[in-house]
Amino acid sequence: MKHLFISLVGLILALGSVSCSRERENPVTEQRQQQIDSLKNGKILIVYLSRTQNTKALAEMIHQQVGGDLVPIELITPYPENYQVLVAQAQREQETGFLPPLKTRIDSIDKYEVVFVGFPTWGMQLPTPVKSFLTQYNLSGKTVVPFNTNAGYGLGSSIESIRSLCPNSKILQAYSTRGGIERDGIFYVMEGERRTQVQRELEQWLKNLNF
Ligand SMILES: Cc1cc2nc3c(=O)[nH]c(=O)nc-3n(C[C@H](O)[C@H](O)[C@H](O)COP(=O)(O)O)c2cc1C
């Protein structure tokens, strides 16, 4: 009888520890659940800047997976076609703090809970048109999800810029990948094998972020 009692107590303690360790492995708090629901159900806006269409291709793939509204960031005065002239102009804008006026208009930014922001790296910085967008629209209280293409040198200081332009937003982990190298005459690369690979990486990234 005594043995049976000890065994029962042991079993109860063992079951308790299993359920506790399960909770520790997978602690979905109420706040976390709310965040997951908001990511899944909140109205989504995907904005992007793209010149040679690589970032645009990512934006479209993200759009296919999460839905929402897809909007290009366009300027009132478009940038020059010539790459070297653009590089010089982009650098001048960064140095002087010039924010190019946007043709893009978002009807009601308030209805969005999640804003994906896509951009190429320019001069190892966040391009000024994206700075214009983040300055013009108040993303306080929203979730901001950055994504990027670059020529292989990474994001530079762009995430720091997004943080300082959206001080009251929740900034999620960015997705960044190699796009074109316009300097070397390599323009659009999001096709064939490369496209399949990026598509797979995007799916995993979105899954990790709970979309
Ligand atoms: C003005 C300009 C500046 C750039 N500066 C950089 C840079 O500093 N680092 C980098 O890795 N790529 C740089 N790139 C390359 C782009 O980030 C890359 O080609 C990107 O995939 C272009 O995206 P898009 O096709 O959406 O325009 C630059 C491109 C341009 C046009």
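Quick notes on this one:
- Shape of segment 30-208, Cα gyration tensor, a/c cut at 1.5: oblate
- Karplus 3J(HN,Hα) series, Hz, for segment 101-112 with 6.51 cos²θ - 1.76 cosθ + 1.60 (x for Gly, Pro): x, 9, 7, 4, 10, 9, 3, 9, 5, 4, 6, 9
- Residues with amide H under 5 Å from that of GLY179, placed H, sequence gap 5 or more: ASN150, ALA151, GLY152
- 5 angstrom amide H check on GLY118, placed H, neighbours 5+ away: VAL47, TYR48, LEU49, PHE147
- Residues whose placed amide H lies under 5 Å from that of LYS142, excluding near-sequence neighbours: LYS170
- Counting every other Cβ atom within 10 Å of each residue's Cβ, MET124, MET190 order from fewest to most as MET124, MET190.
Values quoted throughout were computed directly from the atomic coordinates according to the rules given, and no laboratory measurement underlies them. What you see is a predicted model; the values in this text were computed from it and never measured. Cβ: placed from backbone, ideal geometry, glycine included. Neighbour counts: every protein chain shown.
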